[in-house]
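Student: Attaching a single structure in structure tokens format; questions to follow.
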């Protein structure tokens, strides 16, 4: 059992990327029911969770909760309970695929744009000999289509993956995992956002130095200013408010260790 800290309305496991990968692999091999799942909240998620108690309760059911984004790391340091490093879905997915190739485990991709899941699956198979990979591209509005959801569940259960990667955007992907995990025969599931696009080679991440400096958000903003500018402005205001709340908790002696 890993140590957890509380930030805002959620909790985070205090682990490195390597520790996270080892814990996920061990859990996936057990093939438990209901299927456990992983969340990787970033600052935008924290803001949503803070405003949505029902979603926060759903996140609390996650087997693992890892910090995706340097702002979360900075907040943990401000709280006096520093997380060792960021553990993002974009880092977890390739790391888990490498292990899957080495240990001949099964991986299933759900998401990506049309044809993207196939491209990602083919590239993953080329890069990780020994891996078994399947995929499905869900049509728009699939989450409300009972028939389509039945097909997806049947496809996943037929393959019985150790790792189920769901990349349909947050919080849709987390809601879908939570709603269907009791029906799914899979080792563990992760909501990984646009990482299927990264794995397919259709999107590029920020340079490593920008990731380490906490500037990946700026790189993404430059690429998608129209879509992200308003969101990031709201995130910044929330960051300041949460930082003030954390400082008040420290001044009044409230622990953030769980």
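Student: State all residues of the range 178-198 that are in contact with a helix residue (DSSP H, G or I) (Cβ under 7 Å, 6 or more places away or on another chain) and assigned to a loop (DSSP other than H, G, I, E, B); if no residue qualifies, say none.
Tutor: Here is the first cut: in the range 178-198, the residues in contact with a helix residue (DSSP H, G or I) (Cβ under 7 Å, 6 or more places away or on another chain) are 178, 180, 183-193, 195-198.
183, 184, 185, 186, 187, 192, 193, listed by residue number.
Student: Which one is surrounded by the fewest Cβ atoms within 10 Å (Cβ to Cβ), of the residues in the range 119-133 that are part of a loop (DSSP other than H, G, I, E, B) and at pLDDT 95 or above? Explain how you work it out, then say what you get.
Tutor: At the first step, the residues of the range 119-133 found to be part of a loop (DSSP other than H, G, I, E, B) are 128-131.
Adding the requirement that they be at pLDDT 95 or above leaves 128, 131.
Values: 128: 19, 131: 22.
That would be 128.
Student: Do the conditions hold for residue 175, that is, is it touching a residue at least 60 places away in the same chain (Cβ under 8 Å), surrounded by fewer than 19 Cβ atoms within 10 Å (Cβ to Cβ) and in a helix (DSSP H, G or I)? Steps first, answer last, please.
Tutor: Numbers: touching a residue at least 60 places away in the same chain (Cβ under 8 Å): yes; surrounded by fewer than 19 Cβ atoms within 10 Å (Cβ to Cβ): yes; in a helix (DSSP H, G or I): yes.
When the stated conditions are applied, residue 175 passes them.
Student: Filtering the range 69-98 down to residues that are closer than 17 Å to residue 165 by Cβ and touching a strand residue (DSSP E or B) at 6+ places or on another chain (Cβ under 9 Å), which residue is modelled with the lowest pLDDT?
Tutor: 89
To keep it simple, each residue is scored yes or no on (1) crowded, with 22+ Cβ neighbours inside 10 Å; (2) assigned to a loop (DSSP other than H, G, I, E, B).
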position: 18; (1), (2): no, no
position: 28; (1), (2): yes, no
position: 32; (1), (2): no, yes
position: 44; (1), (2): no, no
position: 49; (1), (2): yes, no
position: 57; (1), (2): no, no
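Student: Considering only the range 105-121, state which residues are free of Cβ contacts under 8 Å to residues at least 60 places away in the same chain and in contact with a strand residue (DSSP E or B) (Cβ under 7 Å, 6 or more places away or on another chain). Before you say what the answer is, go through the steps one by one.
Tutor: Here is the first cut: in the range 105-121, the ones free of Cβ contacts under 8 Å to residues at least 60 places away in the same chain are 106-107, 110, 114-115, 118, 121.
Correct list: 106, 107, 110, 118, 121.
Student: Could you say whether any residue in the range 141-148 is touching a residue at least 12 places away in the same chain (Cβ under 8 Å) and part of a loop (DSSP other than H, G, I, E, B)?
Tutor: For the range 141-148, residues touching a residue at least 12 places away in the same chain (Cβ under 8 Å) and part of a loop (DSSP other than H, G, I, E, B): absent.
Here is a yes/no grid of residues against (1) under 30 Å from residue 77 (Cβ atoms); (2) surrounded by fewer than 21 Cβ atoms within 10 Å (Cβ to Cβ); (3) in contact with a helix residue (DSSP H, G or I) (Cβ under 7 Å, 6 or more places away or on another chain):
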residue: 167; (1), (2), (3): yes, no, yes
residue: 200; (1), (2), (3): no, no, yes
residue: 208; (1), (2), (3): yes, yes, no
residue: 214; (1), (2), (3): yes, yes, yes
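Student: Do you know which of the residues in the range 122-133 that are within 15 Å of residue 99 (Cα to Cα) and free of Cβ contacts under 8 Å to residues at least 24 places away in the same chain is nearest to the chain's Cα centre (by Cα)?
Tutor: Going residue by residue through the range 122-133, those that are within 15 Å of residue 99 (Cα to Cα) are 124-133.
If we keep only those that are free of Cβ contacts under 8 Å to residues at least 24 places away in the same chain too, we end up with 125-126.
Numbers: 125: 21, 126: 24 Å.
Here the residue is 125.
Student: Here is a follow-up. When the range 99-118 is examined, which residues are found to be buried (at least 19 other Cβ atoms within 10 Å of the Cβ), in a helix (DSSP H, G or I) and at pLDDT below 95?
Tutor: 116, 117
Student: Those residues that are touching a residue at least 12 places away in the same chain (Cβ under 8 Å) and surrounded by fewer than 22 Cβ atoms within 10 Å (Cβ to Cβ), I need them from the range 156-165; list them, please.
Tutor: So in the range 156-165, the residues touching a residue at least 12 places away in the same chain (Cβ under 8 Å) come out as 156-157, 159-165.
Passing the criteria: 157, 159, 160.
The values are calculated or read from the model by the stated rules, or taken from the named source; none is laboratory data. Computed from a predicted model, the values in this text were never measured in an experiment. Virtual Cβ from ideal backbone geometry, glycine too; neighbours counted across all protein chains shown.
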